[in-house]
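The values are calculated or read from the model by the stated rules, or taken from the named source; none is laboratory data. Remember, it's a predicted structure, so these values are computed and weren't measured experimentally. Cβ atoms come from the backbone with ideal geometry, glycine included; neighbour counts cover every protein chain shown.
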Amino acid sequence: MNKILVEVSVGELFDKLSILEIKKEKIKDNEKLKYINDEYKILKSEFDKNVKSDDRLDKLFNVLK
């Protein structure tokens, strides 16, 4: 699969991570889960490197888990 680098806002990145969290819980197909987990790890790593977290943001992520 080709990779494309796209600039997104912090809100869009958070939305994508939230959707992937839900998919990780709901989808049972191991092949689909592999792609979901791979994408989540990449996006979460970029989020952690580029977004300064605070208590409110941490609480939002904890609600999703």
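With the requirement that a residue be small (Gly, Ala, Ser) and under 15 Å from ASP58 (Cα atoms), what does region 3-31 give you? Across region 3-31, the qualifying residues are GLY11, SER18.
Residues that are surrounded by 10 or more Cβ atoms within 10 Å (Cβ to Cβ) and at pLDDT 90 or above number at least 2 in the following helices (runs of 4 or more DSSP H) confined to the chain: 10-26, 30-50. Of all residue pairs spaced 6 or more apart or on separate chains, those with beta-carbon atoms under 6 Å, a first member in region 23-38 that is under 22 Å from ASN2 (Cα atoms) and a second member that is of a type outside the set (Lys, Arg) and outside any helix (DSSP H, G or I) are LEU33/ILE27.
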